[in-house]
Amino acid sequence: MNAQTVLLALCTGLGFGFLPAAVRAPATAAALWARGRRVTGRVTARAAADRRRGGLVVFPDHLGRGLVLDPGPLGPFCGMPPVGGSVAVVYARKRPTRAGLWTSRHPPAPSFGSFLPATVAFGAGLVTAG
């Protein structure tokens, strides 16, 4: 078997392997936008003993309870406003503990992480085939 054919098959398989994850992330975000509950949360400061960057988001759920969302270490990079600002929070109905931020940068972030390797793999396959 030719080495170029094997490399082409591996690159194509890798590209097709990443594609479902890349398509699923925007589809999940679209479904969450269509059927989820959108509320406004307020960005608050972390406790002084907490050394992590960024703030926490406090938002009310559908029963009026106050919940806290920790956007994690990438919160500042996802377009979260500074402390005291407001941000949109989206969660599936009756699942407020699995809430997420809804900023202009946050929904496409997971799909970009899957589209990039798929594109690189397909490109490598095309280069080796040509």
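Under Stokes-Einstein, with the Kirkwood radius over Cα pairs as Rh, the value for the chain at 37 °C and 0.692 mPa s is 193 µm²/s. Accessible area per residue for the chain, computed on protein heavy atoms with a 1.4 Å probe, is 65 Å². In angstrom, the C-alpha Rg and Dmax of the stretch 1-72 are 21.4, 65.
Charged neighbours of R93, selected by a Cβ distance under 10 Å, balance to +4 (K, R count +1; D, E count -1). Of the residues A92, G79, P20, the one whose Cα sits farthest towards the positive end of the charge dipole of the chain is A92 (charges of +1 on Lys and Arg Cβ, -1 on Asp and Glu Cβ, taken about the Cα centre).
Anisotropy class assigned to the stretch 30-81 is oblate, per the alpha carbon gyration tensor with a/c at or over the 1.5 cut-off and a/b no larger than b/c. For the chain, averaging the sequence separation of C-alpha pairs within contact (under 8 Å, six or more residues apart) and dividing by the residue count gives a relative contact order of 36 percent. Net charge in the neighbourhood of T28 (other residues with Cβ under 12 Å of its Cβ; Lys, Arg +1, Asp, Glu -1) is +3.
Within the listed set R46, R65, R95, the Gaussian network model of the chain (springs between alpha-carbon atoms below 10 Å) gives the highest mean-square fluctuation for R65.
Ellipticity at 222 nm from helices only: DSSP H runs of n ≥ 4 in the chain, each -39500 (n - 2.57), divided by the residue count, give -15000 deg cm²/dmol. A simple rule links phi to the HN-Hα coupling: the Karplus curve 6.51 cos²θ - 1.76 cosθ + 1.60 with θ = phi - 60°, which for the stretch 35-49 gives 10, x, 9, 10, 10, 9, x, 10, 7, 10, 6, 6, 5, 4, 6 Hz, with x for Gly and Pro.
In plain terms, the C-alpha convex hull of the stretch 19-58 casts an average shadow of 4.4 nm² when viewed from every direction. Between the beta carbons of W33 and T97, assuming R0 = 22 Å, the FRET efficiency works out to 0.70 to the nearest 0.05.
The values are calculated or read from the model by the stated rules, or taken from the named source; none is laboratory data. On a predicted model such as this, the values are computed, not experimentally measured, just so you know. No Cβ is skipped: glycine too gets one built from the backbone with ideal geometry, and neighbour counts run over all protein chains shown. Just so you know, the surface numbers come from the protein's heavy atoms only, side chains and all, with ligands and any DNA or RNA stripped out. Shrake-Rupley method; radii C 1.70, N 1.55, O 1.52, S 1.80 Å.
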